[in-house]
Amino acid sequence: IRQAVDYLAALGHSHLAYVQGSPRSWSNERRVDAVEQFCAARGIVLDVLGWQQETLAGGHAAAASVVATGATAVMTHNDPMAIGVMNGVRSMGLAVPEDLSVIGIDDSPLAELAHPALTSISVPMGRAGLVSSDLVFQRAAEPDSPARTIHLPTQLVVRASSGPVHPRTLVPGKDDSK
């Protein structure tokens, strides 16, 4: 998440929206905490939006709220939600990334197939599963051992859904208060 916030800041974004996943998701709270921390450290205004289904439909439902914040970029809990936001934004007559940069998390196969291709944070889910299994077996063998936290590396994969902030110009017949 740090890489994504740094990347958006470098592109001139100073207002970010974050669309949360399910409150039952173990990663949701961690992702919200991280985006809040990194935005605060860089002076980026952050709007954390309410929980949505972690689906295309959930992202589409969040699109109007994202646009209403005035943010120039949005990050979502996962890739399907980000693609849903892109679809919702387009249905409102706006363009990605010209009017809104969009970043997902997970770098699922859908990210490359989206139009435009989705910038996403690659999370090593396979490696996480193996490490989790190892920790469970270690705990079973040594029940009194201290709990361990392991941080796995992530990587921002930049694609076409994100770009620099574009000046918002008034188009006749179109409201410029996106």
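One table, with the values for the structure above:
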{"read-out": "Neighbourhood net charge (15 Å Cβ-Cβ; Lys/Arg +1, Asp/Glu -1) for ALA10", "value": "+1"}
{"read-out": "Semi-axes of the equivalent ellipsoid for the range 1-58, Cα gyration tensor, largest first, Å", "value": "22, 12, 9"}
{"read-out": "Vicinal HN-Hα couplings computed from phi for the range 95-112 (Karplus, 6.51 cos²θ - 1.76 cosθ + 1.60; Hz; Gly/Pro x)", "value": "10, 10, x, 4, 9, 7, 7, 10, 10, x, 10, 2, 6, 6, x, 4, 4, 6"}
{"read-out": "Probe 1.4 Å, accessible area per residue of the range 43-87, Å²", "value": "35"}
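The values are calculated or read from the model by the stated rules, or taken from the named source; none is laboratory data. Source: prediction; values computed, not measured. Cβ atoms come from the backbone with ideal geometry, glycine included; neighbour counts cover every protein chain shown. These area figures cover heavy atoms from the full protein model, side chains too; ligands, DNA and RNA do not enter into them. Shrake-Rupley method; radii C 1.70, N 1.55, O 1.52, S 1.80 Å.
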